[in-house]
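Peer 1: Let me give you the structure first, and then I'll get to my questions.
The values are calculated or read from the model by the stated rules, or taken from the named source; none is laboratory data. Just so we're clear, the structure is a prediction, and the values are computed from it rather than from any experiment. Every residue, glycine as well, gets a Cβ built from its backbone with ideal geometry; the counts of neighbours run over all protein chains shown.
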């Protein structure tokens, strides 16, 4: 079992980006019922959730124009303006709530919802919803063109053929905001979702989209043809590895985990595939900026298991690279010989064969504590 003092507050980077202000978004829909006046139509509520950097000198969320294009196939069927339906709220990182955090970090973002209802014919092939916008935050670390990048938030309403006459609403992500994570540290972020229709869900990283005009300074009206242009990722990053090869997403749970990349802003897009009756039928997406900062925290990190078959001496090492640890306490799990050396790397000689549970507790500034355990199997002569 591992216990990490890990900062997983959902925030956005606060780097000033002039006119580049949007730091993430999600377009989703809810089926509200059949059209009372025409059984061949259905009523949907379509909602856009936008994030903005607090320190941006760009347009405010109060003045943001949000228009969604509704496409049947690749052709524009209708444009739907989405008025803002909530006040703009501000969330800031309260560093005082994280005494184990070391480093000069801070983040602030604003969020608002834009929404409207629409009546749509029950299409056999369904609809693709797209909102083109300007402008993502600048200095995005995993893009080859890191500035003046547009956005395109997309979701799909499946057709009656795929649904066999049924209806559908978008899944709802458990996590609503983006993440602040410390560079080169282990992290775990639950990005799972709940489906209102009880459909099965699978998760993957996928390409985020840009707008045809890029970050040209204005929000683009829906074009006549559907646009789904991937962002220009910079190697070794890609849509399927937006944080590098050391970070992955569990396809069954949506949990993102691994070792965080170097400090910076990273575009991450999570795709959910909805399954019904054993078949995939719809895709939902969330596009967000993960802010990775140069911070540190107190952490004990041991392997899950150590097996020693050569002799009775076992080497232990805290795999955390935290520079803020001031004290180590080791307990090697054998009551006859417990020692507490002040070091992150130690050797201990057991008196007998057996299975032991060793403990490490580390402390740092302001009384911060981290702990971890490891199962130790000592059986010299057995290979």
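The rows are residues; the columns are (1) outside the structural domain of residue 231 (by TED's automatic domain parsing); (2) at pLDDT 90 or above; (3) over 28 Å from residue 254 (Cβ atoms); (4) within 31 Å of the chain's Cα centre (by Cα).
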position	(1), (2), (3), (4)
290	no, no, no, yes
311	yes, yes, yes, no
319	yes, no, no, yes
337	yes, no, yes, no
343	yes, no, yes, no
351	yes, yes, yes, no
364	yes, no, yes, yes
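Peer 1: I would also like to ask the following. Output yes when any residue across segment 71-79 is crowded, with 19+ Cβ neighbours inside 10 Å, touching a strand residue (DSSP E or B) at 6+ places or on another chain (Cβ under 6 Å), in the same structural domain as residue 165 (by TED's automatic domain parsing) and more than 22 Å from residue 167 (Cα to Cα), and no when none is.
Peer 2: The answer is no; no qualifying residue exists.
Peer 1: Just the residues that are exposed (fewer than 13 other Cβ atoms within 10 Å of the Cβ) and touching a residue at least 60 places away in the same chain (Cβ under 8 Å), please, taken from segment 353-379.
Peer 2: Passing the criteria: 366, 367.
Peer 1: Looking at (1) closer than 20 Å to residue 254 by Cα; (2) at pLDDT 85 or above; (3) in a strand (DSSP E or B), find the lone condition where residue 170 falls short.
Peer 2: All conditions are met except number (3).
Peer 1: Which residues, counting only those in segment 324-335, are modelled with pLDDT of 90 or more and assigned to a strand (DSSP E or B)?
Peer 2: Once the filter is applied, which keeps residues that are modelled with pLDDT of 90 or more and assigned to a strand (DSSP E or B), segment 324-335 yields 328, 329, 330, 331.
Peer 1: Run residue 179 past the list (1) modelled with pLDDT under 90; (2) on the phi > 0 side of the Ramachandran plot and report the number of the one that doesn't hold.
Peer 2: Unmet for residue 179, out of (1) modelled with pLDDT under 90; (2) on the phi > 0 side of the Ramachandran plot: (2).
Peer 1: Within segment 23-39, is there a residue that is surrounded by 14 or more Cβ atoms within 10 Å (Cβ to Cβ) and free of Cβ contacts under 8 Å to residues at least 60 places away in the same chain?
Peer 2: So far as segment 23-39 goes, yes, one or more of its residues are surrounded by 14 or more Cβ atoms within 10 Å (Cβ to Cβ) and free of Cβ contacts under 8 Å to residues at least 60 places away in the same chain.
Peer 1: Next question. For residue 108, indicate whether it is out of contact with any helix residue (DSSP H, G or I) (no Cβ under 6 Å at 6 or more places or on another chain), crowded, with 18+ Cβ neighbours inside 10 Å, within 27 Å of residue 211 (Cβ to Cβ) and modelled with pLDDT under 85.
Peer 2: In short, no.
Peer 1: Given 205, 281, which one is in contact (Cβ under 8 Å) with a residue 12 or more places away in the chain, touching a helix residue (DSSP H, G or I) at 6+ places or on another chain (Cβ under 9 Å) and surrounded by fewer than 23 Cβ atoms within 10 Å (Cβ to Cβ)?
Peer 2: The unique qualifying residue is 281.
Peer 1: Working only within segment 360-383, note down all residues that are within 19 Å of residue 186 (Cα to Cα) and in a strand (DSSP E or B).
Peer 2: 360, 361, 362, 363, 369, 370, 371, 372, 373, 374
Peer 1: Just wondering, is there one or more residues in segment 289-299 that are surrounded by fewer than 16 Cβ atoms within 10 Å (Cβ to Cβ) and part of a loop (DSSP other than H, G, I, E, B)?
Peer 2: Yes: segment 289-299 contains one or more residues that are surrounded by fewer than 16 Cβ atoms within 10 Å (Cβ to Cβ) and part of a loop (DSSP other than H, G, I, E, B).
Peer 1: Given the residues 56, 92, 130, which is the only one that is buried (at least 17 other Cβ atoms within 10 Å of the Cβ), assigned by TED's automatic domain parsing to the domain that holds residue 163, closer than 20 Å to residue 290 by Cα and under 23 Å from the mean Cα position of the chain (by Cα)?
Peer 2: Unique residue meeting the criteria: 56.
Peer 1: Just checking, does segment 252-271 include any residue being exposed (fewer than 15 other Cβ atoms within 10 Å of the Cβ), without any contact (Cβ under 8 Å) to a residue 60 or more places away in the chain, under 22 Å from residue 103 (Cβ atoms) and assigned by TED's automatic domain parsing to the domain that holds residue 200?
Peer 2: Scanning segment 252-271, I find no residue that is exposed (fewer than 15 other Cβ atoms within 10 Å of the Cβ), without any contact (Cβ under 8 Å) to a residue 60 or more places away in the chain, under 22 Å from residue 103 (Cβ atoms) and assigned by TED's automatic domain parsing to the domain that holds residue 200, so the answer is no.
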